[in-house]
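One structure follows; several queries about it will come next.
The values are calculated or read from the model by the stated rules, or taken from the named source; none is laboratory data. Since the structure is predicted, the reported quantities are computational estimates derived from the model, not experimental observations. Neighbour counts are summed over all protein chains in view; Cβ atoms, including those assigned to glycine, are modelled from backbone coordinates with ideal geometry.
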Amino acid sequence: MRALRRSSARVALLVAVATTIGCDRVTKHIATVALAGAPGRSYVADTIRLEYVENPGGFLSLGANLPAAARTALFTIGTGVMLLILLAAAVRFRWHGWLLIGTGLVLAGAASNWVDRAVRGSVVDFINVGVGPLRTGIFNVADVAIMLGAAVLLLSGRPDPHRSEPRLPPGTS
């Protein structure tokens, strides 16, 4: 019964990862077709703005002004290696539960953005939210998955306040 539960959980995780990547790829394609070269659009009393931006840098365009070779080394090669290491660690150490869910979301979002960098040299961003002058940077669906995954990882690492003894990895005493 336990093996069936783990198998079902793995299938659910793979579906979630594939869905996350698929949604990101589709929304980036739609943004490219509908928003590239067009003026930005505003919705819900300017709470949501859609505008097409190609981000050659990282989070909030950090590193966008680096030389192209440095950006490729850092954001394409470096990110690709880190994705492989993270995936290998999850498999090797048999992560499960919230740790695996958070890691899956981070991997899915980062992998989809990595595809943009590998193919285009930049990431397509198109969503901006906020109220008045208080606004986010421009982001995409993959960025939402990365942030959600990071939040899950942070929260999953918090100790249980109702547990008196520390948690130990399975198989240790």
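For segment 20-60, name all the residues that are outside any strand (DSSP E or B), of a type in the set (Gly, Ala, Ser) and over 20 Å from residue 107 (Cα atoms). Talk me through it step by step, then tell me what you get.
Quick first cut of segment 20-60, residues outside any strand (DSSP E or B) only: 20-40, 44-47, 56-60.
If we keep only those that are of a type in the set (Gly, Ala, Ser) as well, we get 22, 31, 34, 36-38, 40, 45, 57-58.
Within segment 20-60, 31, 34, 36, 37, 38, 40, 45 qualify.
Only one residue in 43, 52 is buried (at least 16 other Cβ atoms within 10 Å of the Cβ), over 25 Å from residue 78 (Cβ atoms) and touching a Leu at 6+ places or on another chain (Cβ under 9 Å), so which one is that?
On the way: 43 fails: buried (at least 16 other Cβ atoms within 10 Å of the Cβ).
Checking each option against the conditions leaves just 52.
While we're looking at this one, here's another question. Considering only segment 66-77, I want to know if a residue exists there that is exposed (fewer than 12 other Cβ atoms within 10 Å of the Cβ), at pLDDT below 95 and of a type in the set (S, T, N, Q).
No: zero hits.
Still on this structure, I have one more. Could you identify the single residue in 123, 119 that is under 25 Å from residue 40 (Cβ atoms) and in contact with a strand residue (DSSP E or B) (Cβ under 9 Å, 6 or more places away or on another chain)?
On the way: 119 fails: in contact with a strand residue (DSSP E or B) (Cβ under 9 Å, 6 or more places away or on another chain).
Step by step, each of 123, 119 is checked, and only 123 is under 25 Å from residue 40 (Cβ atoms) and in contact with a strand residue (DSSP E or B) (Cβ under 9 Å, 6 or more places away or on another chain).
Can you tell me which residue in segment 133-173 is modelled with the highest pLDDT, limited to those that are surrounded by 10 or more Cβ atoms within 10 Å (Cβ to Cβ) and among the hydroxyl-bearing types (Ser, Thr, Tyr)? Step through it out loud before you land on a result.
Going through segment 133-173, the residues surrounded by 10 or more Cβ atoms within 10 Å (Cβ to Cβ) turn out to be 135-157.
Filter again for among the hydroxyl-bearing types (Ser, Thr, Tyr), leaving 136, 156.
Details: 136: 96, 156: 87.
Per the criteria, the residue is 136.
Here's something else I'd like to know. Tell me which residues, restricted to segment 88-121, are closer than 19 Å to residue 7 by Cβ and either under 15 Å from the mean Cα position of the chain (by Cα) or of a type in the set (Phe, Trp, Tyr) (or both).
The answer is 93, 95, 98, 99, 100, 101, 103, 104.
When you scan segment 9-68, how many residues do you find that are touching a His at 6+ places or on another chain (Cβ under 9 Å) and under 24 Å from residue 132 (Cα atoms)?
Number of matching residues: 0.
In segment 113-161, what residues are more than 21 Å from residue 56 (Cβ to Cβ), of a type in the set (Gly, Ala, Ser) and in a loop (DSSP other than H, G, I, E, B)?
The answer is 132, 157.
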